[in-house]
Amino acid sequence: MGLQTVFRAVIMGAPGSGKGTVSSRIAQSFALKHLSSGDMLRANIEAKTGKTAPALSSHTISDLGLLMKSCIDQGQLVPDDVISRLVLSSLRGLEQTSWLLDGFPRTVAQADALDSVYDVDSVINLDVPSQTIRERLTSRWVHLPSGRVYNIDFNPPKKPGLDDVTGEPLIQRDDDSPETVSRRLKDYERQTQPVLEYYRSKGVLETFSGTETNKIWPHVHAFLARKIPGNQQAMGKA
Ligand code: G5P
Ligand code: MG
């Protein structure tokens, strides 16, 4: 792949707006590498228990892992320098790879950190009402090692409580309790709206509004099909 065909995108949206769900469809349709900051954090915390491979060197995990876990469980953002280091280090070596960042950047400081290394071609903003989000998150189940997301009403696993691909158990996230969801939604409004302005002023922001992922997705697909250099498209159809 030549340099000019590399495509770099960010997907934004409130907690539960469907970033993970839409990202996996994008990754499948357009062969972009999907990198979720929340999945990276959860993998690092899990690594403390030795179940998954650590992305940070082992002696930093115990200190950082605890800090990250307490932030996430309370629905607070982890410190900018911690998450920026984690995400930017995972982008190292991907200069020739098209990617989609999910959940990062979430503050203007993080957007500046990313901007100092890479130009972003497109920012997809999922705009979903808060009430819709509250209903969704209480019925979400996830497969921690892969980040695969299910929903009891929307996309249930084939076998209740088990991941479709590995057959391993699904869990509910600690931060999906109603009180923590309220806090995450409030923080999003306060800290992440300025990031939307940041990208709007750069002319790369594209907003998709709706209450159903299946209705939003064809618009996202059509937008990316126009934006991404032709040979990137793996399957073509929404
Ligand atoms: P995360 O992991 O980035 P959030 O809070 O931004 O978490 P989240 O909760 O992962 O976002 P999502 O990815 O936007 O949500 O949504 P999703 O998982 O695809 O969909 C939500 C549910 O709705 C699923 O069950 C899905 O199946 C269902 N669903 C989707 N579409 C529909 C539909 O049309 N209908 C119905 N009925 N259901 C549907 O971050 C977690 C924490 O990590 C830290 C923070 O502490 C954060 O709170 N963190 C960071 N901290 C600082 N800086 C950063 N950059 C950080 N990134 C993460
Ligand atoms: Mg997610």
Legend entry - Distant alpha-carbon pairs in the stretch 8-232 (separation over 33 angstrom), percent: 11
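Using only helices, what value at 222 nm comes out for the chain when you add -39,500 (n - 2.57) per DSSP H run of length 4 or more and divide by the total residues, to the nearest 500 deg cm²/dmol?
Details: 9 runs with 102 residues, N = 238.
That comes out to -13000 deg cm²/dmol.
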Legend entry - Inter-probe distance in nm under a simple model that places probes 7 Å from Cα toward Cβ, at L162 and L88: 4.4
Legend entry - Calculated from backbone phi, Karplus (6.51, -1.76, 1.60) coupling profile of the stretch 163-179 in Hz, x at Gly/Pro: 5, 4, 7, 9, x, 7, x, 8, 10, 9, 5, 4, 8, 9, 6, x, 5
Inset, instruction - Collect residues whose amide H, placed 1.01 Å from N in the peptide plane, falls under 5 Å from the amide H of T207; neighbours closer than 5 in sequence don't count. - result: N125
Inset, instruction - Output the antiparallel fraction of DSSP beta bridges having both residues in the chain, as a percent to the nearest 5. - result: 30
Legend entry - Approximate spin-label separation E189-A225, in nm, with each point projected 7 Å along Cα-to-Cβ: 3.7
Legend entry - Choice from K19, K33, K159 showing the highest fluctuation, given a GNM over the chain with Cα pairs closer than 10 Å: K159
Legend entry - Phi-based couplings in Hz for the stretch 68-79 (Karplus 6.51, -1.76, 1.60; Gly and Pro marked x): 5, 5, 5, 4, 5, 4, 8, x, 9, 6, 6, x
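Computed over the Cα atoms of the stretch 172-224, what is the ratio Rg over Rh, Rh following Kirkwood?
Across the stretch 172-224, the Cα-based Rg/Rh ratio is 1.07.
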Inset, instruction - Using a 10 Å Cβ count of at most 13 others and DSSP loop calls, identify the longest part of the chain lacking such GluC sites (Glu not before Pro). - result: 96-211
Legend entry - Burial ranking of peptide ranges 170-176, 108-114, 160-166 (average Cβ count within 10 Å, highest at the top): 108-114, 170-176, 160-166
Inset, instruction - Calculate, in nm to one decimal, what Q28 and S70 gain on full extension: separation in residues at 0.36 nm each, minus their alpha carbon distance. - result: 11.8 nm
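Quick note: the coordinates plus some simple rules give every number you see, no bench work behind them. Note that the coordinates shown come from a computational prediction; the quantities given were computed from them, not determined experimentally. Don't worry about glycine lacking a Cβ; one is built from the backbone with ideal geometry, like all the others, and counts go over all protein chains shown.
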